[in-house]
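Everything on this sheet refers to the single structure shown next.
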Amino acid sequence: MSRIYQHKELLSNYDSIVFDLDGTLYNSEQFYLGSFEDMAQWLTHKGLHKNEKVWIDCVMGLKAARGNDYNKLIDDSLSLLAIDLKFKKELLQIYKDHDCRYLILHHNESEVLEYLKSCNKTMFIITNGTKSVQKRKVTKLGLDPYMEEIVILDAKKNKDQLKPDNEAFYMLSEKYNLGETIMVGDRFDVDGVFAQNSGIDFLGVGFHGD
């Protein structure tokens, strides 16, 4: 589970809380596993590979070894399993279309959000990612009712504004009276630097299984 639950009293001392999404409010492995299962099913249906588990183990293993930002994940998985690289486009579309079926807002995270809402705290999400995918995640997790605003920074439209750039925070500060604000995220190199660039406090948390 995330460590957010351990810090709900600390968070209640702030007027506004800005949350990251992936790996912060839910376990991002839930999304990856479901999307890689969909890819495996497509590959076997097309007769390109016989064993769905082998694909899932391969791509999950590479991701664990090389990190979430590694941009050759699908390329390397296809190469290792001797599948033509021309199918990468279809697999990436499957990733974007994934239904988020395994995504769950853990009761600890739900309890923290309910508590902060009861304390009249103003909450936001600022997340980097493909807009359609991130919207689907937010809906599946039921996060909309807790948040004053959800800002999705899509590289196709907001390339120069992605975290850790602080443009999104500046935009919020222009629209709202934020008061004392803290950023909550799982990545010090992205969320932490975003907080530093924005002149606000940072709380580092992350998922470590259930």
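The values are calculated or read from the model by the stated rules, or taken from the named source; none is laboratory data. Note that the coordinates shown come from a computational prediction; the quantities given were computed from them, not determined experimentally. Cβ coordinates were reconstructed from backbone atoms using ideal geometry, including for glycine residues, and neighbour counts include every protein chain displayed.
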Subject >> Filter pass, Ile104 being in a strand (DSSP E or B), under 18 Å from the mean Cα position of the chain (by Cα) and closer than 29 Å to Arg3 by Cβ >> reply: no
Original post:
Is region 76-94 home to any residue that is without any contact (Cβ under 8 Å) to a residue 24 or more places away in the chain, basic (Lys, Arg) and surrounded by 14 or more Cβ atoms within 10 Å (Cβ to Cβ)?
Top reply: yes
Subject >> Matching residues in region 36-85 - criterion: being among the aromatic types (Phe, Trp, Tyr) and closer than 20 Å to Cys100 by Cβ >> reply: Phe36, Trp42, Trp55
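This table checks each residue for (1) within 20 Å of Glu111 (Cβ to Cβ); (2) free of Cβ contacts under 8 Å to residues at least 40 places away in the same chain; (3) among the aromatic types (Phe, Trp, Tyr).
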{"residue": "Thr139", "(1), (2), (3)": "no, yes, no"}
{"residue": "Asp186", "(1), (2), (3)": "yes, no, no"}
{"residue": "Gly199", "(1), (2), (3)": "no, yes, no"}
{"residue": "Leu203", "(1), (2), (3)": "yes, no, no"}
{"residue": "Phe207", "(1), (2), (3)": "yes, no, yes"}
**OP:** List the number of the failed condition for Ile17; all other conditions in (1) assigned by TED's automatic domain parsing to the domain that holds Gln134; (2) in a helix (DSSP H, G or I) hold.
**Re:** (2)
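Would you call Ser132 closer than 21 Å to Cys100 by Cβ and either loosely packed, with under 14 Cβ neighbours inside 10 Å or without any contact (Cβ under 8 Å) to a residue 24 or more places away in the chain (or both)? Can you show your working first?
On the way: closer than 21 Å to Cys100 by Cβ: yes; either loosely packed, with under 14 Cβ neighbours inside 10 Å or without any contact (Cβ under 8 Å) to a residue 24 or more places away in the chain (or both): yes.
So Ser132 fits the description; yes.
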**OP:** Any chance you could count how many residues in region 163-210 are among the acidic types (Asp, Glu), in the same structural domain as Phe124 (by TED's automatic domain parsing) and within 24 Å of Gln30 (Cβ to Cβ)?
**Re:** 3
Subject >> Filter result for Gln134 (in a helix (DSSP H, G or I), out of contact with any helix residue (DSSP H, G or I) (no Cβ under 7 Å at 6 or more places or on another chain) and not assigned by TED's automatic domain parsing to the domain that holds Gly185) >> reply: no
Subject >> Unmet requirement for Gly47, which otherwise passes all of (1) without any contact (Cβ under 8 Å) to a residue 40 or more places away in the chain; (2) surrounded by fewer than 16 Cβ atoms within 10 Å (Cβ to Cβ); (3) part of a helix (DSSP H, G or I) >> reply: (3)
**OP:** Scan Gly34, Gly23 and give me the residue that is at positive phi and under 24 Å from the mean Cα position of the chain (by Cα).
**Re:** Gly23
